[in-house]
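Colleague: Please read through the structure below; I'll follow up with questions.
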Amino acid sequence: MATVLRRPRRRLPGSNQSFLSHFFYSVQQYCQNFFTKHQCYRLFREILCRYPEKIRERAGIPGPFPASPSEHHTMVFSLNTGRLVLEDMNERDLAAMHGIARDPRVMKYVLIWLENDEQIAGFVQHAIDEAAKPDRHDYVLAIREPATGDFAGFILFEIDPDEPTTAEAGCILRPEYWKAGYATEILRALLAFGFGTLSLHRVYAKCDEENRASAHVIEKGGLTYEGTLREHVWLRDHWRSTRYYGMLADEYRLRQKTD
């Protein structure tokens, strides 16, 4: 679902407002699936500042633009799933991550080690550090309700550094967001991002063999069961066997045509 963005209200003195409005509309149309309204406007101003001469001449703006937003802010990556927003984590998410990591209902089948304060803080810091990299491979994003900003969980979309046309998708939700179709919605957004924006060849997902709810979400998303790695790791209270699922780019495009 695309977010409808309004045109900026502030006029630049002496400018060709029609040209600027059309230019901003083009920016938001390209970015609306990945950024919020406020972030689109910041990106618009960023472009104005990076290519001032050509745009100023075309728009008829006599003076210099204000300082680039990037001098004061870091652009936040985000995806809109329809009912939720996936965006870069920040330091304020640490408390919410503690809540998830200490909930045995959530962590029972999760193959991520968040056993103590140091591991939890390191995980959040890793997410923040990856977001700052120009050639990022890991997208560790907070799942939020767009109206309130409430933390609903997190996703992982990790590009294989040895095979950059392949990525793994994963989703961890707080219990109050279970059984409402959110996980399926998130998986579809990640597939669209992987096969569309990133032009990947393969996206895969995995789950504990005992976690039938996750297996159902993955199968509903259209991924093909590829096999089970049996009892390969001790996970808290049981030997974990992992089910693997995958989808190829051609399969995704075919599914888009038939859905």
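Colleague: Starting from residues that are of a type in the set (A, V, I, L, M, F, W, C) and part of a helix (DSSP H, G or I), keep the ones in the range 217-234 and report whichever is nearest to R202 (Cα to Cα). Break it down into steps so the answer makes sense when it comes.
Modeller: The first filter runs over the range 217-234 and keeps only residues of a type in the set (A, V, I, L, M, F, W, C), leaving 217-218, 223, 229, 233-234.
Checking the rest, the ones that are also part of a helix (DSSP H, G or I) come to 217-218.
Values: V217: 18, I218: 14 Å.
Step by step, filter the range 217-234, then rank; the result is I218.
Colleague: List the pairs whose first member sits in the range 102-114 and is farther than 17 Å from C207 by Cβ, whose second member is of a type outside the set (V, I, T) and in a loop (DSSP other than H, G, I, E, B), and whose Cβ atoms are under 8 Å apart, counting only residues at least 6 apart or on separate chains?
Modeller: D103/R174
Colleague: Then there's this: Here is a check on your reading of the model: is V203 under 22 Å from G153 (Cα atoms) and either at pLDDT below 95 or assigned to a strand (DSSP E or B) (or both)? Give the derivation first.
Modeller: On the way: under 22 Å from G153 (Cα atoms): yes; either at pLDDT below 95 or assigned to a strand (DSSP E or B) (or both): yes.
It is true that V203 is under 22 Å from G153 (Cα atoms) and either at pLDDT below 95 or assigned to a strand (DSSP E or B) (or both).
Colleague: Report whether or not Y139 is of a type in the set (S, T, Y), surrounded by 13 or more Cβ atoms within 10 Å (Cβ to Cβ) and either without any contact (Cβ under 8 Å) to a residue 12 or more places away in the chain or under 17 Å from L198 (Cα atoms) (or both). Steps first, answer last, please.
Modeller: On the way: of a type in the set (S, T, Y): yes; surrounded by 13 or more Cβ atoms within 10 Å (Cβ to Cβ): yes; either without any contact (Cβ under 8 Å) to a residue 12 or more places away in the chain or under 17 Å from L198 (Cα atoms) (or both): yes.
The answer is yes for Y139.
Residues checked against (1) out of contact with any Asp or Glu (no Cβ under 9 Å at 6 or more places or on another chain); (2) small (G, A, S):
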residue	(1), (2)
G149	yes, yes
I186	yes, no
S199	yes, yes
D208	yes, no
G222	no, yes
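Colleague: If a residue must be over 23 Å from L254 (Cβ atoms) and in contact (Cβ under 8 Å) with a residue 24 or more places away in the chain, how many such residues does the range 207-236 contain? Give the steps one after another, and end with the answer.
Modeller: Filtering the range 207-236 down to residues over 23 Å from L254 (Cβ atoms) leaves 207-214, 228-236.
Then keep just the ones that are in contact (Cβ under 8 Å) with a residue 24 or more places away in the chain; that gives 207-211, 213-214, 233, 235-236.
The total comes to 10.
Colleague: Okay, next question. Taking the range 123-135, which residues are free of Cβ contacts under 8 Å to residues at least 24 places away in the same chain and surrounded by fewer than 14 Cβ atoms within 10 Å (Cβ to Cβ)?
Modeller: Applying the first criterion (free of Cβ contacts under 8 Å to residues at least 24 places away in the same chain) to the range 123-135 yields 125-126, 129-130, 133-135.
Once the filter is applied, which keeps residues that are free of Cβ contacts under 8 Å to residues at least 24 places away in the same chain and surrounded by fewer than 14 Cβ atoms within 10 Å (Cβ to Cβ), the range 123-135 yields Q125, H126, D129, K133, P134, D135.
Colleague: Any idea which residue in the range 129-171 is modelled with the lowest pLDDT, counting only those that are of a type in the set (D, E, K, R) and in contact with a helix residue (DSSP H, G or I) (Cβ under 6 Å, 6 or more places away or on another chain)? Steps first, please.
Modeller: At the first step, the residues of the range 129-171 found to be of a type in the set (D, E, K, R) are 129-130, 133, 135-136, 138, 144-145, 150, 158, 160, 162-163, 168.
Subset that is in contact with a helix residue (DSSP H, G or I) (Cβ under 6 Å, 6 or more places away or on another chain): 136, 138.
Values: R136: 92, D138: 95.
For the range 129-171, the residue satisfying everything is R136.
Colleague: Do the conditions hold for L190, that is, is it over 20 Å from A96 (Cα atoms), in contact (Cβ under 8 Å) with a residue 60 or more places away in the chain, surrounded by 14 or more Cβ atoms within 10 Å (Cβ to Cβ) and not charged (D, E, K, R)?
Modeller: Details: over 20 Å from A96 (Cα atoms): yes; in contact (Cβ under 8 Å) with a residue 60 or more places away in the chain: yes; surrounded by 14 or more Cβ atoms within 10 Å (Cβ to Cβ): yes; not charged (D, E, K, R): yes.
Yes.
Colleague: So H216 fits all but one of (1) surrounded by fewer than 15 Cβ atoms within 10 Å (Cβ to Cβ); (2) at pLDDT 95 or above; (3) of a type outside the set (V, I, T); (4) closer than 19 Å to W113 by Cα; what number is the exception?
Modeller: Just one mismatch for H216, condition (4).
Colleague: Shifting gears a bit: For the range 216-259, give me each residue that is over 20 Å from E158 (Cβ atoms) and basic (K, R).
Modeller: Matches in the range 216-259: K220, R230, R236, R253, R255, K257.
The values are calculated or read from the model by the stated rules, or taken from the named source; none is laboratory data. Quick caveat, the model's predicted, so the values are computed rather than measured. Because the Cβ atoms are built from the backbone with ideal geometry, glycine has one as well, and the counts that use them run over all protein chains shown.
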